[in-house]
Amino acid sequence: MTTSERVLAEFVEEIATEQGVPGLAVGVWAEGREVFACHGVTSVEDPLPVTPDTMFLLGSVSKVPTATAVLSLAAEGRLELDAPVRRYVPELVLADEGAAATVTVRQLLNHTSGLGWRLAAETGEGDDALAAHVGRLAELEMVASPGTRASYSQAGYNLLGRVVEKLTGTTFERAVAEMLFEPLGMAHSVYSPADVLARRHVVGHEGEAVVRPFGDTRANNPGGGLVSSAADQLRWARFHLGDGAPIVPAAVLRGMREPTVELRGSSLGDAFGLCWFLRDVDGVRTAGHGGSSNGQFAELLLVPERDFAVVSLANGNPGGIPANRAVLRRALEHHLGLVERDPEPLPHDGARAREVVGRYATDILVVDIVDTGTGLTAGARIKPEVRAASDVELPADVPPAGLGLLPGAGDEFIITGGALQGLRGYFQRDERGAIVAADLAGRVHTRVGAGSPGGGT
């Protein structure tokens, strides 16, 4: 075992144990070679060792292959990025007819479409699932006019999946496999539950309990349904870095990492490329994407100018996110000497706290920000009516954890504890200076209720 392998293996074991994660799979591409370290088991109920080929549900890391497929079609001249989506999906209807007529493919790719986060709709597991999903997008709120601001949208990527179906004449899953995974030899990257069951895979955990269901609905495959392994994701990262089969022009892949819209106050990135979150670490540009699902979490990060990549996959909540985050930071520091530090929040200020306490919501989630008298806390929960309408068990709520306001003239904040520690966002004001929304995890959460110090909302 080399020094790098030993250092990585020791750290992966340490962080998995510290965070209580049943299984953790990590891969690093550095100095022209792959290094893997895995710890733990696939399931506490039916334990098998986690290996580099063990498959995890990637959540929103799935968006990168979706975007790559769309850009591959554009490179072939089969679509135009700045064309209205209706050119390819003429039946598209949104809550705002003007938006439906003008929203472009590029705006879906860089999350400036104005679409809300996700559509709470079950459209079955048949080959028509995406078509039916798109047929219900008029039920989804619009959070902005197309092209006016970035707001992360799962629904937008599911719509891109339908664009892929329309242009290829086959299912989204089959199209991506034929265009990308099969040419790259990614045999452990699939969408179908039947294909997952035929290979070693993890299940999600909440604490020490296995959670169900395993995945999301089929219509959410473009935005979050890929199941893959650390080995396949490192192969995928090397492809994006320019090493491998030229199935997509290198210039197209580089273009995905060019900034298209600025992100304010976000730990996820300083800007969106075409899908990738772009951020500087110690003055060096990185491109990455994270993902979360029911008890499973994924992170993929590239440092193109150093020909470096790291992937971290975990199968436990609440430790999965902090474990993956720690792995990425340690890999960047150990291999590249790049150190990432969280900003220090300001001391508690009651007057500033009174401005921001309240309830903020998307179509799915509610975030309550409370002043305890000594500090602010933020907790997130799925709306009761969404839980009640769901036929499957949904992820657990996020208990309240510390929230600190950051220095500067703006209204930026950072989560200071719990599973989301280090996550940053900002409060949005209207023309009168009143706070009307919170931008957290790249998503607009509209303010729907005022709060009171110490008393919640």
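The values are calculated or read from the model by the stated rules, or taken from the named source; none is laboratory data. Bear in mind that the values here come from a model prediction, so they are computed numbers and not experimental data. Here the Cβ is made from the backbone with ideal geometry for all residues, glycine too, and neighbour counts use every protein chain on show.
Give me the pairs, please: first residue somewhere in the range 121-136 and on the phi > 0 side of the Ramachandran plot, second residue anywhere and among the polar types (S, T, N, Q) and buried (at least 16 other Cβ atoms within 10 Å of the Cβ), beta-carbon distance under 6 Å, and either six or more positions apart or on two chains.
Correct list of pairs: empty, since none qualify.
Filter the range 392-413 down to the residues that are of a type outside the set (A, V, I, L, M), part of a loop (DSSP other than H, G, I, E, B) and within 15 Å of Val366 (Cα to Cα) and list them by number.
Of everything in the range 392-413, those that are of a type outside the set (A, V, I, L, M), part of a loop (DSSP other than H, G, I, E, B) and within 15 Å of Val366 (Cα to Cα) turn out to be Pro395, Asp397.
Could you please let me know if Ala194 is without any contact (Cβ under 8 Å) to a residue 12 or more places away in the chain and in a helix (DSSP H, G or I)?
So Ala194 fits the description; yes.
State all residues of the range 207-224 that are buried (at least 24 other Cβ atoms within 10 Å of the Cβ) and assigned to a loop (DSSP other than H, G, I, E, B); if no residue qualifies, say none.
Those that are buried (at least 24 other Cβ atoms within 10 Å of the Cβ) and assigned to a loop (DSSP other than H, G, I, E, B): none in the range 207-224.
Could you look through the range 414-442, keep only residues that are without any contact (Cβ under 8 Å) to a residue 24 or more places away in the chain and outside any loop (DSSP other than H, G, I, E, B), and pick out the one that is nearest to the chain's Cα centre (by Cα)?
Step by step, filter the range 414-442, then rank; the result is Gln428.
This table checks each residue for (1) under 30 Å from Ala231 (Cβ atoms); (2) surrounded by fewer than 23 Cβ atoms within 10 Å (Cβ to Cβ); (3) touching a residue at least 60 places away in the same chain (Cβ under 8 Å).
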position: Leu268; (1), (2), (3): yes, yes, yes
position: Arg279; (1), (2), (3): yes, yes, no
position: Gly283; (1), (2), (3): no, yes, no
position: Ser293; (1), (2), (3): yes, no, yes
position: Ala298; (1), (2), (3): yes, no, yes
position: Asp307; (1), (2), (3): yes, yes, yes
position: Gly320; (1), (2), (3): yes, no, yes
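Kindly establish whether Arg387 is more than 20 Å from the chain's Cα centre (by Cα), closer than 30 Å to Ala138 by Cβ and not small (Gly, Ala, Ser).
yes
Scan the range 53-71 residue by residue and report those that are in a loop (DSSP other than H, G, I, E, B) and either aliphatic (A, V, I, L, M) or not assigned by TED's automatic domain parsing to the domain that holds Gly320 (or both).
Leu58
Among the residues of the range 226-273, write down those that are in a loop (DSSP other than H, G, I, E, B), farther than 14 Å from Gly288 by Cβ, at pLDDT 95 or above and touching a Gly at 6+ places or on another chain (Cβ under 8 Å).
Glu258, Thr260
I'd like to check something: does the range 236-246 contain any residue that is more than 18 Å from Val311 (Cα to Cα) and under 21 Å from the mean Cα position of the chain (by Cα)?
No, the range 236-246 contains no residue that is more than 18 Å from Val311 (Cα to Cα) and under 21 Å from the mean Cα position of the chain (by Cα).
What residue, among those in the range 197-206 that are assigned to a strand (DSSP E or B) and at pLDDT 95 or above, is farthest from Ile321 (Cα to Cα)?
Per the stated criteria, the residue is His201.
Among the residues of the range 13-34, are any surrounded by 14 or more Cβ atoms within 10 Å (Cβ to Cβ), at pLDDT 95 or above, of a type in the set (Gly, Ala, Ser) and in a helix (DSSP H, G or I)?
Yes, some residue in the range 13-34 is surrounded by 14 or more Cβ atoms within 10 Å (Cβ to Cβ), at pLDDT 95 or above, of a type in the set (Gly, Ala, Ser) and in a helix (DSSP H, G or I).
Given the criteria assigned by TED's automatic domain parsing to the domain that holds Met186, over 24 Å from Asp82 (Cα atoms), in contact with a helix residue (DSSP H, G or I) (Cβ under 9 Å, 6 or more places away or on another chain) and surrounded by fewer than 20 Cβ atoms within 10 Å (Cβ to Cβ), does Val327 qualify?
No.
Among the hydroxyl-bearing types (Ser, Thr, Tyr), in the same structural domain as Ala121 (by TED's automatic domain parsing), out of contact with any Gly (no Cβ under 6 Å at 6 or more places or on another chain) and under 26 Å from Ile415 (Cα atoms): which single residue out of Thr217, Thr286 fits that description?
When all the criteria are applied, what remains is Thr286.
Going by the structure shown, is Arg329 charged (D, E, K, R), closer than 24 Å to Leu58 by Cβ and free of Cβ contacts under 8 Å to residues at least 12 places away in the same chain?
yes
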